[in-house]
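One structure is given here, and the rest of the page talks about it.
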Amino acid sequence: FVRLGEGAPGDQGLGLGLAIVRRTAQLLGLPVALQSRPGRGSVFEVLLPVVAPAAGPPIAASDGAVARISGAFVLLVDDDATNLQAGAALLRDWGCLVATAHDAGSALAEAARHLRSPDVIVTDLRLGSGEHGLALVRRLRAQCGSCVPALLVTADVQLPLPVDGDVQVLRKPCGADRLRGALALALAGPAVAEPLACR
């Protein structure tokens, strides 16, 4: 999880490419190989099995999780404008009410601006300028005066688990289905999810 070089603004990338490849390959049980020559370049290979076409139409995913999160007020925080816009659009497609922020200061201001506290906080781990998503969750909970459920999204493979007993961690790439399931679990409350132990 690194960024190399000093490219032009907007061309630097997120430093997530190899972390995403590694995590996806691990989830699928696939080996990743590397050949590299300094000054010449690198080749990354993923060995895939041959798979026969599935018989019959694909099974549609259940809409139960969408129904459970429809109407929820989600505070979404990400310092990458593209990720923030795409995440907000996805949440709105599921019927959520979405407030967005690009850093800790704007997240705290956005939460204070509304008449109700968020039902769930979804934040990236690294928010730029040294800001940390977990610290933001704690500040938002203190401001709201309640243990708001929280999802911490990260591609940082070095992050130890559990981060806090009351914060779910989603590894990038998490995919829409995993995000939707995690939101549904968080919104189900302590009677369904693990007990919350807010600090």
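The values are calculated or read from the model by the stated rules, or taken from the named source; none is laboratory data. Worth saying up front: this structure is predicted, and the values here are computed from it rather than measured. Don't worry about glycine lacking a Cβ; one is built from the backbone with ideal geometry, like all the others, and counts go over all protein chains shown. SASA here: full protein model, heavy atoms, side chains in, ligands and nucleic acids out. Shrake-Rupley method; radii C 1.70, N 1.55, O 1.52, S 1.80 Å.
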Inset, instruction - Under 7 Å between Cβ atoms, at least 6 apart or on separate chains: pull out the pairs that start in segment 71-88 with a residue that is among the aromatic types (Phe, Trp, Tyr) and end on any residue that is part of a strand (DSSP E or B) and open to solvent by 20 Å² or more (accessible area, probe 1.4 Å). - result: Phe73/Leu97
Inset, instruction - Name every residue in segment 80-114 that is open to solvent by 50 Å² or more (accessible area, probe 1.4 Å), assigned to a helix (DSSP H, G or I) and touching a helix residue (DSSP H, G or I) at 6+ places or on another chain (Cβ under 8 Å), in order of residue number. - result: Leu90, Ala112
Inset, instruction - Identify, by number, the condition in (1) of a type in the set (A, V, I, L, M); (2) surrounded by fewer than 17 Cβ atoms within 10 Å (Cβ to Cβ); (3) at pLDDT 90 or above that Leu136 doesn't meet. - result: (2)
Inset, instruction - Give segment 115-128 a look and list any residue that's closer than 19 Å to Gly175 by Cα and open to solvent by 40 Å² or more (accessible area, probe 1.4 Å), or say none. - result: Arg126
Legend entry - Residue identified as over 16 Å from the mean Cα position of the chain (by Cα) and in contact (Cβ under 8 Å) with a residue 24 or more places away in the chain among Gly95, Gly105, Gly130: Gly95
Inset, instruction - Give segment 139-156 a look and list any residue that's in a helix (DSSP H, G or I) and either surrounded by 16 or more Cβ atoms within 10 Å (Cβ to Cβ) or at pLDDT below 90 (or both), or say none. - result: Leu140, Arg141, Cys144
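Yes or no, residue by residue, for (1) farther than 28 Å from Val21 by Cα; (2) at pLDDT below 90:
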{"position": "Ala104", "(1), (2)": "yes, no"}
{"position": "Pro118", "(1), (2)": "yes, no"}
{"position": "Gln158", "(1), (2)": "no, yes"}
{"position": "Leu161", "(1), (2)": "no, yes"}
{"position": "Val167", "(1), (2)": "no, yes"}
{"position": "Arg171", "(1), (2)": "no, yes"}
{"position": "Arg178", "(1), (2)": "no, yes"}
{"position": "Gly189", "(1), (2)": "yes, yes"}
